[in-house]
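S.K.: Dumping the structure here so I can ask a few things about it.
Read-outs throughout are calculated quantities, based only on the coordinates presented, and are distinct from any laboratory measurement. The structure presented is a predicted model; accordingly, all values stated were derived computationally and were not measured. Glycine also receives a Cβ, built like all others from the backbone with ideal geometry; neighbour counts cover every protein chain displayed.
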Amino acid sequence: MLDNFEKLWKDALFEIEPNVSKANFSTWFKDTYISKYEDGVVTINVPNDFVKVWLSTKYYKFVISSLRNLNPSIRHADYLIVSRPPQLEQKDRKQHQKEQQKNEEQLGFQELNTDAEANLNPKYTFDTFVVASFNEVAHSAALAVSKSIGNLYNPLFIYGGVGLGKTHLLQAIGNETRKNNPAAKVQYLTSEKFANDYVLSIQNKNIHLFKEKYRKYNLLIVDDIQFFSDKLKIQEEFFHVFNALYDGNNQIVFSSDKPPQYIVGLEDRLKSRFEGGMMVDISSPLLEERMAILRVKMQQRGYLIPDEITDFIAKNIKENIRELEGALNSVIGQSKIRGRTLNLSDVEEILKRKIKPVKIVTPDHVIKIIANYYNIEEKKINEKTRRQEIVKPRQIAMYLLRNDLNTSYPYIGRRLGQKDHTTAIHAYKKITCDIKNDKKLEQEINNIRDLILKN
């Protein structure tokens with residue numbers, strides 16, 4: 001029998017907290033408590049359905065393991081939605097209002113308070129990074145690198161679409177490394193900054209200083225590496241920098257909007273170097289993940305926004321985290337200007353320009369995007385050839401036309417080289433099967449889907 005529910009839950013949270021980021025912990029475990037224990041089942045009260053779903057799936061193992069460590073008789077945890085008493089809600093709202101200005105000022109200061117030596121922004125940490133299924137592998141790899149630079153996942157290559165948190169994660173690596181090892185020489189920069197530094201060094205005739213500068217770091221972080229495309233002299237110089245750092249057992253971290261093999265105009269020798277370490281992707285967040293991100297951002301700013309508005313933003317802003325946060329900032333800003341909490345109609349009006357209409361996707365558009373993705377001429381997809389560099393894009397096109405657009409097999413065959421419908425059926429079945437066993441192929445197709453919707 002359990003006598004002290006409060007102490008049990010407090011001790012359990014003490015065990016859980018080190019395994020969860022600060023932002024996630026405060027979002028999901030706030031206002032939770034144990035209310036009942038019967039026949040080995042603990043009942044945990046939560047404030048809403050969203051928290052219930054999140055704790056019972058994402059964090060269930062953490063919760064039940066911690067509880068069992070404290071009391072082996074506990075077999076299972078149930079979650080019960082219980083609204084907080086009105087007086088507590090009012091108290092919290094007042095507290096948020098008191099902290100609101102302080103939080104805003106602090107965040108605003110941090111935005112400008114970039115470390116001059118390492119070019120790192122202190123607000124980008126692992127504690128403020130919301131971890132979910134769409135980014136958890138990238139987060140784990142980044143965290144591992146920050147704990148042991150040069151020894152694991154070197155180089156680390158993180159890729160994904162615009163506004164998905166790549167820069168946050170890269171800077172978190174730098175900030176965490178400096179925290180663990182203050183003596184480490186760390187530098188974050190964009191590939192454009194590297195290129196500009198190189199050009200200036202040539203103009204000023206001090207290329208030797210440039211070479212010395214970029215070979216001294218224990219951790220070099222380069223964002224948006226795709227900017228090197230077609231810049232052969234820049235690529236050559238960076239190739240030498242890479243080799244010098246790598247041979248010295250120093251850590252290199254990159255980001256890009258796509259995997260190295262699909263960066264047009266990037267030399268093979270650089271692609272080979274980038275692919276020699278660990279490559280991880282960040283995909284687009286799902287609905288519940290977008291809602292989680294909004295809650296974290298609200299908490300950071302000290303604002304309370306009604307659930308229906310949070311739901312509306314998450315359901316309608318789907319592209320990336322940056323747009324999601326921008327929508328939230330617009331709502332918060334308008335709320336401040338008007339001096340009141342906004343209703344759903346207000347928010348719909350404010351965000352109508354940010355919400356993109358549902359795009360009608362045509363077969364021609366799909367084929368064009370696929371051709372561009374694999375860097376081949378669109379007309380070649382229709383050619384009668386068995387060359388793998390053509391067959392693969394054509395089969396993917398057939399798969400997407402069938403799977404995503406529900407296009408008939410006879411039409412697919414005719415559209416892609418006047419082929420028989422059985423060819424389209426074979427392509428669909430093959431890609432469907434290959435996706436199950438080839439994570440790289442699955443990611444390629446997801447990347448193509450993103451491009452189809454964005455372009």
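S.K.: Restricting attention to region 371-422, which trypsin sites (Lys or Arg not before Pro) occupy a DSSP loop and are surrounded by at most 13 other Cβ atoms within 10 Å? The partial results should precede the final answer.
M.R.: Working: sites: 379, 380, 384, 386, 387, 394, 402, 414, 415, 419; in loops: 384, 386, 387, 419.
Passing sites in region 371-422 are 384, 386, 387.
S.K.: Another one. Quick one, what does Rg over Rh come out to for the chain if you take C-alpha atoms and the Kirkwood Rh?
M.R.: Ratio of gyration radius to Kirkwood radius for the chain: 1.01.
S.K.: Right, next: What does the charge dipole of region 348-437 about its Cα centre add up to, to the nearest 20 debye, if the Cβ of each Lys and Arg holds +1 and the Cβ of each Asp and Glu holds -1? Please report the intermediate quantities before stating the final value.
M.R.: Working: 20 positive and 10 negative charges, 24 e Å.
Using Cβ point charges on Lys, Arg, Asp and Glu, region 348-437 gives about 120 debye.
S.K.: Which residue, 169, 265, 122, has the largest displacement toward the positive end of the dipole of the chain when charges sit on each Cβ (Lys, Arg +1; Asp, Glu -1)?
M.R.: 265
S.K.: Among all helices in the chain defined by DSSP H, which have a length of 24 Å or more along the axis from Cα atoms plus a Kyte-Doolittle mean of at least -1.0?
M.R.: Within the chain the helices that satisfy the rule are 321-338, 421-437.
S.K.: What whole number of Å gives the distance from the Cα centroid of region 324-338 to the Cα centroid of region 185-203?
M.R.: Here the answer is 36 Å between Cα centres.
S.K.: Let me ask something else about it. How big is the charge dipole of region 136-282 about its Cα centre, in debye rounded to the nearest 20, if each Lys and Arg gets +1 on its Cβ and each Asp and Glu gets -1 on its Cβ? Spell out each step's value before the answer.
M.R.: Values: 17 positive and 16 negative charges, 108 e Å.
The dipole of region 136-282 has a size of about 520 debye.
S.K.: When only Cα pairs under 8 Å and 6 or more residues apart are kept, what is the percent relative contact order across region 136-282?
M.R.: On the way: 236 pairs, mean separation 57.0, N = 147.
With pairs under 8 Å counted, the relative contact order is 39 percent.
S.K.: Next up: Looking at region 199-265, which trypsin sites (Lys or Arg not before Pro) are in a loop (DSSP not H, G, I, E or B) and have at most 14 other Cβ atoms within 10 Å?
M.R.: Numbers: sites: 205, 211, 213, 215, 216, 231, 233; in loops: 205, 215, 216, 231.
Passing sites in region 199-265 are 205, 216.
S.K.: Shifting gears a bit: Near residue 58, which lysines are there with a Cα under 18 Å away, not counting those fewer than 8 places off in the same chain?
M.R.: In chain and number order, the partners are 22, 30.
S.K.: If R₀ is 35 angstrom, what is the calculated FRET efficiency for the pair residue 322 and residue 271, using the beta carbon separation as r and rounding to 0.05? It would help to have the intermediate numbers written out before the result.
M.R.: Numbers: r = 27 Å, r/R0 = 0.78.
Computed FRET efficiency for residue 322 and residue 271 comes out at 0.80.
S.K.: Starting from the Cα of residue 152, step 7 Å toward the Cβ, then list every residue of region 259-296 with an amide N under 19 Å from that point.
M.R.: 276-281
S.K.: Here is a further query. With only Lys, Arg, Asp and Glu charged, each at its Cβ (+1 for the first two, -1 for the last two), find how big the charge dipole of the chain is about the Cα centre; round to the nearest 20 debye.
M.R.: Details: 68 positive and 58 negative charges, 177 e Å.
That gives a dipole near 860 debye.
S.K.: What do you get for trypsin sites (Lys or Arg not before Pro) in region 258-366 restricted to DSSP loop and a cutoff of at most 11 other Cβ within 10 Å of the site's Cβ? Could the numbers behind the result be given before it?
M.R.: Numbers: sites: 269, 271, 273, 290, 295, 297, 301, 315, 318, 322, 336, 338, 340, 352, 353, 354, 359; in loops: 318, 340, 352, 353, 354, 359.
Those satisfying the criteria are 340, 352, 353, 359.
S.K.: Pull out the extension gain between residue 213 and residue 403, defined as 0.36 nm times the separation in residues minus the alpha carbon to alpha carbon distance; nm, one decimal.
M.R.: Numbers: separation 190, 0.36 × 190 = 68.40 nm, distance 5.12 nm.
So the extension gain works out to 63.3 nm.
S.K.: Treat the count of other C-beta atoms within 10 Å as a stand-in for reagent exposure and order 49, 39, 434 from fewest to most. Intermediate results must be reported in sequence, preceding the final value.
M.R.: On the way: 49 11, 39 7, 434 16.
Starting with the residue having the fewest Cβ neighbours, the order is 39, 49, 434.
S.K.: Suppose each label sits 7 Å from its Cα in the direction of the beta carbon; what would the residue 361-residue 432 distance come out to in nanometres?
M.R.: 1.7 nm
S.K.: By the gyration tensor of its Cα atoms, with a ≥ b ≥ c the square roots of the eigenvalues, what is the shape of region 234-393: rounded for a/c under 1.5, prolate for a/b over b/c, or oblate?
M.R.: Values: a/c = 3.47, a/b = 1.58, b/c = 2.19.
It comes out oblate by the Cα gyration axes.
S.K.: What are the aspartates and glutamates whose alpha-carbon lies under 13 Å from the alpha-carbon of residue 213, with same-chain residues fewer than 8 places away excluded?
M.R.: Within the straight-line limit of under 13 Å, residue 213 reaches these aspartates and glutamates: 117, 197, 237.
S.K.: Now for a different question. Compute the label zone of residue 10 within region 37-64: residues whose backbone N is under 17 Å from the point 7 Å along Cα-to-Cβ.
M.R.: none
S.K.: Report, in listed order, any pair from 258/354; 231/379; 231/380; 392/429 with a Cα-Cα distance greater than 18 Å.
M.R.: Values: 258/354 25 Å; 231/379 28 Å; 231/380 27 Å; 392/429 13 Å.
Exceeds cut-off: 258/354; 231/379; 231/380.
S.K.: Can I ask one more? May I ask you to sort 139, 240 by Cβ crowding, counting other Cβ atoms within 10 Å and putting the fewest first? List each step's numbers first, then the result.
M.R.: Details: 139 21, 240 12.
Ascending Cβ contact count within 10 Å gives the list 240, 139.
S.K.: When the expected Rg is taken as 2.2 N^0.38 Å, what fraction or multiple of it is the alpha-carbon Rg of region 287-351? Intermediate results must be reported in sequence, preceding the final value.
M.R.: On the way: Rg = 10.6 Å, N = 65, 2.2 N^0.38 = 10.7 Å.
This ratio for region 287-351 stands at 0.99.
S.K.: Something else about it: Which whole-angstrom value gives the distance between the alpha carbon centres of region 416-451 and region 137-178?
M.R.: If we compute the Cα centre of each part, the gap is 31 Å.
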